[in-house]
1. By the gyration tensor of its Cα atoms, with a ≥ b ≥ c the square roots of the eigenvalues, what is the shape of the stretch B:33-121: rounded for a/c under 1.5, prolate for a/b over b/c, or oblate?
2. Once you place label points 7 Å from the Cα toward the Cβ at residue A:180 and residue B:62, how far apart are they in nm?
3. Using DSSP to call loops (not H, G, I, E or B), can you name the GluC sites (Glu not before Pro) in the stretch C:117-195 whose Cβ has at most 16 other Cβ atoms within 10 angstrom?
4. With a ≥ b ≥ c the root eigenvalues of the C-alpha gyration tensor of the stretch C:7-77, is it rounded (a/c under 1.5), prolate (a/b larger than b/c) or oblate?
5. Can you give the FRET efficiency for residue A:5 and residue A:228, using 1/(1 + (r/R0)^6), R0 = 51 Å, r = Cβ-Cβ distance, to the nearest 0.05?
6. Could you grab the relative contact order for the stretch B:63-161? Cα pairs under 8 Å, six or more apart, rounded to a whole percent.
7. Below 8 Å, C-alpha to C-alpha, sequence gap of six or more: please give me the relative contact order for the stretch B:124-192 in percent.
8. Under the rule a/c < 1.5 gives rounded, and otherwise a/b versus b/c splits prolate from oblate, where does the stretch C:115-194 land using the Cα gyration tensor?
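Throughout, read-outs are computed from the coordinates displayed, never taken from laboratory work. Because the structure is a prediction, the values reported are computed rather than measured. Counting neighbours? That spans all protein chains shown, and the Cβs are built from the backbone with ideal geometry, glycine included.
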Amino acid sequence: MQCKDLAHVLESEGLGTLSAEAREHLASCLDCQGLLADFHSIVAVARTIPAEVEPPARVWISLRARLEAEGLIKEPVEVMESASWWESVRAVFRPRSLAGATAGLLLVATTVYMTRRPSSVPQAPQPVAVQAPSAPGPQTPANFGASPWAPPATAAVATRTHTPAALPSKVKELAPSPSEMASSTLSQAEMDLPDMQLAGNSRVDASLRENLKTLNEFIAECEQHLKQNPQDQLAREYLYTAYQQKADLLAAMMESGRSEH
Amino acid sequence: MQALINPRHSLTAWGAGIFLFAASTAIAASPDHQERHFAVKNHPVVMLQNIVNGRIEVRSSKNAEVVISSTADARKVALDIEQVGDRVDINASALQPSAQAEDPEADFQLTVPEQTELQLKTQTGLIYVEQVTGDMKLESVAGDIHLKEVSGYIIVKTTGGSLVCTLCSGKLEFTSISGNAQVLQPALANVSLMTTSGNILYDGDFIRTGIYSMKSGRGLVEVRFSGNDSFDLNAQTNLGTVDNQAADFLKPDTHSTRHIASRYAHSLFGTVGQGLAKVELSSYSGTIRILKRN
Amino acid sequence: MAQAGNAAAFEYLYQLHSRRVYALCLRMVGNPADAEDLMQEAFLQLYRKIGTFRGESAFSTWLHRMTVNVVLMRLRKKSLPTDSLEETLEPDAENSGPKRDVGAPDLRLSGAVDRVNLERSIEKLPPGYRTVFVLHDVQGYEHNEIAGIMGCSVGNSKSQLHKARTRLRELLQEEVREQAREERKAAKTQTGSLD
């Protein structure tokens, strides 16, 4: 690989994980090392630039005046009562902000949860042992315990066993609120779907309803499993993916209802 | 009193009337066919939002133009087509609310330059794309998506529609709730397939240094590899099973990388060949199956 | 409700999106006065056209597309060079890869990039590069979203971003060189005055 090839890789793949070939070139090319390091510096600093900046209040005042002058606003501006966040969503910006708001809520919930979750990885490394085909490890399903290859005689082969690890002594109690919050937010949104949308008999409506049912069943399954096994990170990832899919689906259902009715 | 109307004549008149009515109804209901041509340069972008239902077929040609053939009932479907530079925007929407079970439809056949970028969206019809090499983003609610000999950065998102991807290359991302994914004879360097209840089948090669992630909530995840493949395998399932039918070819991990197995999952780690690609298979409650092709 | 001209709905939309839109305008034009004008213009267009929004993209994508169009049109009127986003230049074999000035010191930027000089350098970028860089690296949009906003291909978005970063690196290196020159000059002056 040459420098220009690396430049092409950076252009098409970005600054994420590089291929083995690219890393090999980088190991021996100071110029490319400098290029990559500089790109990382630039991006790191760019990320500290605020993505949102509060505009001066005069902008809205001036804009509102122009909207009224053009007759685009049909009634005087009312002071917005401080209402619950969901009331605002439902009353004003129904279909669009559902996905955005719910996704935002889920993102916050997920971030809060992921930073607070205890490590599901045991603090000690997993024990390694040679696994005899006829004696699967304690949590190994029988059908893949049979490992036909013979371990080398001279060294311990790093075959995986699944000895249950002792829970770390300092497991924090999981705060259920982000997950419950996401779940109740989505349930609330589902209840808010217009009846006509749920009763629609077009192929699209039927498909959306069917998929909503599938998701709800899967979410219930994961939630039930996690109540008994709150440390199961894999299950948690599936659950949050399902929440996100449900938020997208509900937004699609609302949008479908809005465009048809 | 003499009959004013001869019954025989009235029957004939009625018959003719019914025939004419049926004919006119048939003619009125026949969909309108349109074809439009748009000259473009090297890398056009075609966006098609088919909010009504119907098929979308896209094929490539060597001509520097985008040809759009549409078939739709003009009384039911509003069609907007606009070109700005090298971007062609097509929108099909229903003129009246769809209160009946029969939804309005619009079918499209597009012929585009090979390196066209596509952004297609439909509800229930099939999306078919062949021999297009630009990046593409394809969305469908219940319609299936069939891709053949396409390449680029391919993003597919469905609610219930399934994906069949044959002889594709580049990078593929698929997400669905209940749709299946079949990837056949691929030359893909980066694959991410995720479906909550559908099944996944990957029957093809793993390119060296490629990254392949396949996840299903409840469905089957099946991978078939060949003797020339070289990959590290990480397969995990919570409540399902791992069906390793290629145990003869799966060696212990050769990279001395410690895979920390979840105590809640049934896991399988191993290496085929030199472990140059990375394959991660996951299913919450379905089966993961690994096979070697003969 | 916004499509029906409800004032509260308009204000709500404004509250929801104004901060991102203003930030985008500010990064694009570099001064608050122009940014305020442009933001107002973008929202006016939005409210005028809101009846035509058919949900063919995310609402925020539609709004950002309008904002970028408003900004780019204003910059074109000022006759600043704008890179066509539709051009896909073939990689120049000679110029691809990192450039190295013969005899110049190794100008790693690590530690030399701060917000002030980066923002200054962003303002010097051609508008096309600047737009993609701000959308991606500052505001965090993905390439497929940027393609929707800019009406270009994902490939073009990636290419423009790479060129933007390369150009920013050159601008920042020039700044580092300039600073080094100033420091040497200052040191010389001081030494001379002590003699």
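1. prolate
2. Inter-label distance under the simple model: 6.8 nm.
3. C:142
4. Because a/c hits 1.5 or more and a/b exceeds b/c, the stretch C:7-77 counts as prolate.
5. With R0 = 51 Å, the Cβ-Cβ based efficiency is 0.50.
6. Relative contact order comes out at 22 percent.
7. Numbers: 196 pairs, mean separation 17.9, N = 69.
About 26 percent, as a whole number.
8. Cα axes put the stretch C:115-194 in the prolate bin.
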